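A short write-up of the structure that comes next.
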Amino acid sequence: IRCFRSYRIIDPILYLAASSLDRHRLIKWRMHWLPSYPLKDCECGATAAPREHYAICPLLQPMRHELLETFGTIPELRKEEQDIDYILNRLPRSNSGLTRGKWKTT
């Protein structure tokens, strides 16, 4: 799985403790298979919500705010990159990395 990365590594999301359903969703997000097509309406009322909608969806803002508080300021991203992509790319690159620093408490 590769999203805006110039070198090959095992994707950090595979080291996260997650249910199989959550891991499936993370992988689908990374492969740009979420949202699925044809685009569906969001529960907030947006019609045919594309991937970019998740950055502004009012239903997701509390969770997005919590992520930004935890991970700090996110630099200006390219148009096609989302905050969650940036955060996922900053995950530790090994299973033992999840037991150190800020990752131990998240």
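How do 84-91, 15-22, 71-78 rank on mean C-beta neighbours within 10 Å, highest first? If you can, show how the numbers build up before the last one.
Numbers: 84-91: 16.8, 15-22: 11.1, 71-78: 9.5.
With the highest mean Cβ count within 10 Å placed first, the list reads 84-91, 15-22, 71-78.
So if I place +1 on the C-beta of Lys and Arg and -1 on the C-beta of Asp and Glu, and nothing else carries charge, what would the dipole magnitude of region 19-98 be about its Cα centre? I want it in debye, nearest 20. Could the numbers behind the result be given before it?
Values: 11 positive and 11 negative charges, 75 e Å.
Value, rounded to 20: 360 debye.
With Cβ to Cβ distances under 12 Å as the rule, what net charge do the other residues near I56 carry (K, R +1; D, E -1)?
Details: positive: R51, R64; negative: E52, D83.
That sum, taken over residues with Cβ under 12 Å, equals 0.
Below 8 Å, C-alpha to C-alpha, sequence gap of six or more: please give me the relative contact order for region 15-83 in percent. Numbers along the way, then the final one.
On the way: 33 pairs, mean separation 11.9, N = 69.
Relative contact order comes out at 17 percent.
No value in this document is a laboratory result; all are computed from the given coordinates. This is a predicted model, so every value here is computed, not measured. Please note: Cβ atoms are built from the backbone with ideal geometry, for glycine as well, and neighbour counts cover all protein chains shown.
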